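The values are calculated or read from the model by the stated rules, or taken from the named source; none is laboratory data. Computed from a predicted model, the values in this text were never measured in an experiment. Every residue, glycine as well, gets a Cβ built from its backbone with ideal geometry; the counts of neighbours run over all protein chains shown. Heavy atoms of the whole protein, side chains included, go into the accessibility calculation; ligands, DNA and RNA do not. Shrake-Rupley method; radii C 1.70, N 1.55, O 1.52, S 1.80 Å.
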Amino acid sequence: MASVHESLYFNPMMTNGVVHANVFGIKDWVTPYKIAVLVLLNEMGRTGEAAVSLMERRRLNQLLLPLLQGPDITLTKLYKLIEESCPQLANSVQIRIKLMAEGELKDMEQFFDDLSDSFSGTEPEVHKTSVVGLFLRHMILAYSKLSFSQVFKLYTALQQYFQNGEKKTVEDADMELTSREEGERKMEKEELDVSIREEEVSCSGPLSQKQAEFFLSQQASLLKNDETKALPPASLQKELNNLLKFNPDFAEAHYLSYLNNLRVQDVFSSTHSLLHYFDRLILTGAESKSNGEEGYGRSLRYAALNLAALHCRFGHYQQAELALQEAIRIAQESNDHVCLQHCLSWLYVLGQKRSDSYVLLEHSVKKAVHFGLPYLASLGIQSLVQQRAFAGKTANKLMDALKDSDLLHWKHSLSELIDISIAQKTAIWRLYGRSTMALQQAQMLLSMNSLESVNAGVQQNNTESFAVALCHLAELHAEQGCFAAASEVLKHLKERFPPNSQHAQLWMLCDQKIQFDRAMHDGKYHLADSLVTGITALHSTEGVYRKAVVLQAQNQMTEAHKLLQKLLIHCQKIRNTEMVISVLLSVAELYWRSSSPTIALPVLLQALALSKEYRLQYLASETVLNLAFAQLILGIPEQALSLLHMAIEPILADGAVLDKGRAMFLVAKCQVASAASYDPPNKAEALEAAIENLNEAKNYFAKVDCKERIRDVVYFQARLYHTLGKTQERNRCAMLFRQLHQELPSHGVPLINHL
């Protein structure tokens, strides 16, 4: 954050007991809280090294900086913080403040007179140029500038500050006496902590310059790295409004208000705050040259650029393009190459659906490298890799490009882009169907983030890349039937990213998709249908596809076919190849369930061609699985088996548990169909092998609790055991089939037509 505007400190009046001693250019004033901090510093100087242990002194030194820079807090909170560091010193501070507040005005006068002694002597207690020394000198100077009436009001405010602290201490003691149960005590303590946290910045009126700078920089850092530790949106906006009430031209407060409104997706207020921020910057830079590197021209072009980014974030692409054109025009007039590079990057973002957008991107990367902008260059490389992944480039070329961008990250210490790069590798491996590699990359990102801390003890693990990695982990665990582990990951996501945070939509969609899949596995189509609305609200294309899947499962073939055809046209238009292939597979399944397997073959071949072209290995294997099933229906099981040998290895290596079960079930069906022409000894051997594969398929289906498919498997096993003359095993499978058949609805679809 830039330094706070000087006009914040223009008001020499007193508000809520706070004496503004800045009439002569002083940027700080004396408050009762700061008198308490001065007492703490004085007691630390008077206490010998022998009386305070080394660990206690170290904790006190760590406590001092936030006390000097932070906003005023209540006396009770201050006592608590000092007591946690050094109980003995807390008692001395409490006695000293009590004597001053319950004494006379001359006690406070004498206290400030004695403060100057800290700098005297050949070895003074405090150096004048140290952080503590500067604070003491500011306070002494501010106090010396006060008139007698202002000194009296300050002393009255100190007495009130002390009385409020004593009253809260008594209330806390009564609360502990009346609260007998441990759970109630814990709840009341948490409520007290929250109330103090929101009260800290507003307990004593307007903030001084340093307090305002510290407050704004701290909240901005928290919003970027760990949003959950920042003030809630309503409380933060209240404090910002309080700052702006004393100085409407406080530019940085307007910018933090803009960031705060972005959290709650308030487009009107965020636009309003952003425009006010640049208006104030223009006012402060009016004396600079109008079109130079600083001043009026710079503020205008970056205002237009930020406005374009804001509109793009909310999906207002036409307004974003107009604002971007304005930024480009002003930047060209000013010959600002850095601004032009940012504009070029946003031009790609607005036009990335066009076929020639990669030309813009490549040009942007070259220019960014030429002008020494590693951040923009790296973002350009990442976008280029993403675009080429969707275009079907080989994984080794993409990983080589990401390796080059990683070199930039480590060279320039761009930790945020390192996280984005690893999250992108996770997504690329999942796109190509390599779940093991995706899992490895996601865990690598989580390990890196857990070790790297940023300012104020914040763990930099609440960024978008962290949320993406956790969502991938949850989905990968759910695919393998580890629903308890997936629930734990989602629970952690909900704690890290509350529903009102900007990245919450990621885990919301992930959670809805996992619940939908579980409901479909369990045959609860009514429950899956109710989840479609939530998925559609978060991702319209995914929601329409899931709706078609539910309709198909409910045998509403006509409605499902209409929906799938509309979705297919839409996905082809927006070039969502992955969804196009999924839709084609659903259309093929709809055809063979309608007893039209010959019509399904061209659709499956089209899906296979797209999978091969874009190197989507897992979708290609799934398409081959469906082709084998179509050949089985058409009565050529031998060719179906040969096709299965091509597809089954990637599915067993990286596939979801449900797909592994489907593959093994299909192998068993093909083995049984092929054995029809065998002689009796070979036929019995083939049927035994089929039963083994059915057992494996049943184990896979049991992991995801897919009772409908287990029912199909045990029915098939019962028929095979009957053919082999194994009565006991047949009866056991038949009894299990009957239990599942009574529990689950039957849709009248022949078993052979259900993959």
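Odds and ends about this structure:
- Output for the stretch 459-478, where each listed residue is in contact with a strand residue (DSSP E or B) (Cβ under 8 Å, 6 or more places away or on another chain) and either open to solvent by less than 40 Å² (accessible area, probe 1.4 Å) or aliphatic (A, V, I, L, M) (or both): Gln460
- The residues listed here are Val624, Val667; of these, the one that is in a helix (DSSP H, G or I), under 15 Å from Ala697 (Cβ atoms), in contact with a helix residue (DSSP H, G or I) (Cβ under 7 Å, 6 or more places away or on another chain) and open to solvent by less than 50 Å² (accessible area, probe 1.4 Å) is Val667.
- Summed over the stretch 495-533, the residues that are over 18 Å from Glu227 (Cβ atoms) and not in a helix (DSSP H, G or I) give a count of 3.
- All conditions in (1) among the hydroxyl-bearing types (Ser, Thr, Tyr); (2) farther than 21 Å from Leu652 by Cα; (3) touching a residue at least 12 places away in the same chain (Cβ under 8 Å) hold for Thr727, with the sole exception of (3).
- On inspection, Gln556 qualifies as among the polar types (S, T, N, Q), within 23 Å of Asp712 (Cα to Cα) and out of contact with any Pro (no Cβ under 9 Å at 6 or more places or on another chain).
- Phe716 closer than 28 Å to Gln515 by Cβ, open to solvent by less than 60 Å² (accessible area, probe 1.4 Å) and either at pLDDT 90 or above or not hydrophobic (A, V, I, L, M, F, W, C) (or both): no
- The residues of the stretch 579-604 that are in a helix (DSSP H, G or I) and surrounded by fewer than 16 Cβ atoms within 10 Å (Cβ to Cβ), listed by number, are Thr598, Ile599, Pro602.
- Of the helices (runs of 4 or more DSSP H) contained entirely in the stretch 79-180, those carrying at least 2 residues that are at pLDDT 80 or above, surrounded by 12 or more Cβ atoms within 10 Å (Cβ to Cβ) and touching a Pro at 6+ places or on another chain (Cβ under 6 Å) fall at 148-178.
- Here Gln572 meets each of (1) surrounded by fewer than 19 Cβ atoms within 10 Å (Cβ to Cβ); (2) within 39 Å of the chain's Cα centre (by Cα); (3) under 30 Å from Thr436 (Cβ atoms) with one exception, condition (3).
- Which listed residue, of Gly433, Gly481, is outside any helix (DSSP H, G or I), modelled with pLDDT of 90 or more and open to solvent by less than 60 Å² (accessible area, probe 1.4 Å): Gly481
- Residues in the stretch 372-404 that are at pLDDT below 85 and over 22 Å from Glu613 (Cα atoms): Asp404 alone.
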